[in-house]
1. Distance from the Cα centre of segment 118-140 to that of segment 206-235, in angstrom?
2. So, for segment 5-63, what is the accessible surface per residue at a probe of 1.4 Å, expressed in square angstrom?
3. Carbon and sulfur atoms: what percent of the 1.4 Å accessible area of the chain do they account for?
4. Using +1 at the Cβ of each Lys and Arg and -1 at the Cβ of each Asp and Glu in segment 143-248, identify which of I223, A152, G207 lies farthest towards the dipole's positive end.
5. Using only the Cα atoms of segment 107-251, what do you get for the radius of gyration and for Dmax, in Å?
6. Which number do you get for Rg(Cα) / (2.2 N^0.38 Å) in segment 172-314?
7. In debye to the nearest 20, how big a dipole does segment 199-278 give about its Cα centre with +1 on each Lys and Arg Cβ and -1 on each Asp and Glu Cβ?
8. Summing +1 for each Lys or Arg and -1 for each Asp or Glu, what net charge is found among the other residues whose Cβ lies under 14 Å from the Cβ of G121?
Amino acid sequence: MRAVITGGAGFLGSHLCGYMLDKGWDVLCLDNLVTGSDANVAHLQSNPKFAFQRKDVSEHIEVAGSVDAVLHFASPASPPDYLKLPIETLKVGSLGTHNSLGLAKAKRAKFLMASTSECYGDPDVSPQPETYWGHVNPVGPRSVYDESKRFAEAITMAYHRHHGLDTRIVRIFNTYGPRMRLNDGRALPNFLYQALAGEPITVYGDGKQTRSFCYVSDLIEGIYRLLESGEHEPVNIGNPHEITILEFAERVRDLVGAKVPIVFRPLPQDDPKQRCPDIAKARRILRWEPKVNLEEGLQRTYDFFRQQVATTKA
Ligand code: UDP
């Protein structure tokens, strides 16, 4: 069995490459390294079942040989990244998804699309079930990500209905763990980096907005179960343990043991006020639920970041 993973050198993509290799798959990782890094897959390079190709999947994709699954994970995913790369983000969500679907169709392969809780926008329903259609500003700064992912879901369903392609859609909620970029601008890397550097921790707004953080190994397990299932409609994968961003900042500060202040900064436009997955569907059809609690997950991520900061300094 051979998989093509777009965005395979990113945070989630690289964990997925490792997981599928462990399951016995051959993996071809495609990444243009705009937000990913070849360091994320350096440990896989000696594996003869693994191949890496630098490639922008917003351009036509040509892959020799048979392919059994295409998993489309290429996209900037951190708000500061997609605000810096708005056109690239729209292109990879639209053209990149179209090209990845075309590859899957040509190879008669399964297709799995990495979608997002951002499809729900700033939700007026909580927790969010898959049946909720969302509350998205179609022209705000976050729309480059939200709308391209919504388009990606639409074209994936169209390929399923019109071409009979064997597709999956996973709606990924906030995820954290080793290999997040130190400077990716998301809450956890910022808080950990700031606490480690002895800098003030920046909380946007009043910190009362909520998120629900899933540890990366739980997420990857859920995604693989979805790939193996027969479900074509979107499935939420995330951790339903909801926490305010202020409490999250305090947890990180306590973990690091840093004596740094928490400072408040303006809330970015359209920043969702709450986000929490309803995972009843994943529980029912995938027999999946997260296992790693926040304490354990934060500790593992902290160990990784500490090492990264030490290496950067050396
Ligand atoms: N956030 C924050 N301080 C930071 C970075 C992020 O308070 O230094 C907030 C951000 O405004 C949002 C939450 O933390 O409310 C999660 O942000 P993140 O960028 O991790 O991802 P999002 O869930 O918004 O996609």
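The values are calculated or read from the model by the stated rules, or taken from the named source; none is laboratory data. Predicted, not measured: the structure shown is a model, and the values here were computed from it. Quick reminder, even Gly has a Cβ in these numbers, built from the backbone with ideal geometry, and neighbours come from all protein chains shown. Just the protein is used for accessible areas: all its heavy atoms, side chains included, with ligands, DNA and RNA removed. Shrake-Rupley method; radii C 1.70, N 1.55, O 1.52, S 1.80 Å.
1. When both Cα centres are located, 16 Å separates them.
2. Numbers: 2530 Å² over 59 residues.
Spelled out: the 1.4 Å probe surface of segment 5-63, per residue, equals 43 Å².
3. Working: 7050 of 13680 Å².
Carbon and sulfur atoms account for 52 percent of the accessible area of the chain.
4. Of the candidates, A152 comes out farthest on the positive side.
5. 16.9, 55
6. Working: Rg = 16.1 Å, N = 143, 2.2 N^0.38 = 14.5 Å.
The value comes to 1.11.
7. On the way: 9 positive and 14 negative charges, 90 e Å.
Dipole magnitude for segment 199-278 comes out near 420 debye.
8. Details: positive: R142, K149, R150, R171, K273, R275; negative: E118, D122, D124, D146, E147, E153, D270, D271.
Net charge in that neighbourhood comes out at -2.
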